[in-house]
Amino acid sequence: MSYETTEAKTIFVKAHLQLDPASHYKDREVAAHELLDAIETTAKTTGYSVSKPSYGVRTITHMFHGSVSAVVEDDRFFLYVEGPPARRITDELGIEYDPVTKGFVGREQDKFNAPTPGAPSKKRSAVAVVAEQIVALIAEQSEAKRRAR
């Protein structure tokens with residue numbers, strides 16, 4: 001007889017991560033860079049310009065409306081918005097590292113895709129969650145510039 005082990009694997013891996021967080025450092029770092037690359041590719045294919053001012057940084061710009069930097073620092077992923085006021089968006093970004101898939105996922109359940117019967121609901125795509133944040137931040141900048149005129 002063959003047993004289904006997906007849920008048990010998730011339990012063991014998440015417990016291991018809690019007991020020894022450093023054991024997943026390299027996987028988190030790789031996942032953060034993969035997320036950064038996915039955001040760059042997606043932004044470019046949808047009309048945004050992307051620059052690479054330094055290693056682990058991508059600045060996403062929408063013409064004259066504003067820009068947001070997506071940054072990987074060690075194994076952490078965050079967004080940085082130049083002022084005024086300058087902001088660093090980390091925990092409120094809405095993504096988390098999944099040690100089972102070795103990638104970042106959204107914290108919320110994915111309402112865009114219907115769940116498979118009997119399977120746990122999927123989490124939102126980390127790329128979609130970050131894109132949503134970037135677009136909202138650029139819109140804020142655009143509105144602030146419009147009011148300043």
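The values are calculated or read from the model by the stated rules, or taken from the named source; none is laboratory data. Since we're looking at a predicted model, the values are computed, not measured. Quick reminder, even Gly has a Cβ in these numbers, built from the backbone with ideal geometry, and neighbours come from all protein chains shown. Remember, those area values only see protein heavy atoms, side chains included, never the ligands or the DNA or RNA. Shrake-Rupley method; radii C 1.70, N 1.55, O 1.52, S 1.80 Å.
Which ones in the range 1-26 are touching a residue at least 24 places away in the same chain (Cβ under 8 Å) and open to solvent by less than 50 Å² (accessible area, probe 1.4 Å)?
Of everything in the range 1-26, those that are touching a residue at least 24 places away in the same chain (Cβ under 8 Å) and open to solvent by less than 50 Å² (accessible area, probe 1.4 Å) turn out to be T10, V13, L17, H24.
Looking at the range 121-149, which of the residues that are assigned to a loop (DSSP other than H, G, I, E, B) and touching a residue at least 12 places away in the same chain (Cβ under 8 Å) is farthest from the chain's Cα centre (by Cα)?
Pass one, the range 121-149, residues assigned to a loop (DSSP other than H, G, I, E, B): 121-122, 149.
Next, from what is left, pick out any that are touching a residue at least 12 places away in the same chain (Cβ under 8 Å): 121-122.
Values: S121: 19, K122: 16 Å.
Residue satisfying both the conditions and the ranking: S121.
Yes or no: K52 open to solvent by 70 Å² or more (accessible area, probe 1.4 Å), at pLDDT 90 or above, at negative phi and touching a Lys or Arg at 6+ places or on another chain (Cβ under 7 Å)?
yes
Is it the case, given these coordinates, that V57 is touching a strand residue (DSSP E or B) at 6+ places or on another chain (Cβ under 7 Å) and either open to solvent by less than 80 Å² (accessible area, probe 1.4 Å) or among the aromatic types (F, W, Y) (or both)? Break it down into steps so the answer makes sense when it comes.
Working: touching a strand residue (DSSP E or B) at 6+ places or on another chain (Cβ under 7 Å): yes; either open to solvent by less than 80 Å² (accessible area, probe 1.4 Å) or among the aromatic types (F, W, Y) (or both): yes.
Here the answer is yes, as V57 does meet what is asked.
Select, from D74, D37, D91, the only residue that is modelled with pLDDT under 85, charged (D, E, K, R) and either open to solvent by less than 80 Å² (accessible area, probe 1.4 Å) or at positive phi (or both).
Details: D37 fails: modelled with pLDDT under 85; D91 fails: either open to solvent by less than 80 Å² (accessible area, probe 1.4 Å) or at positive phi (or both).
None of the others qualify; the one that does is D74.
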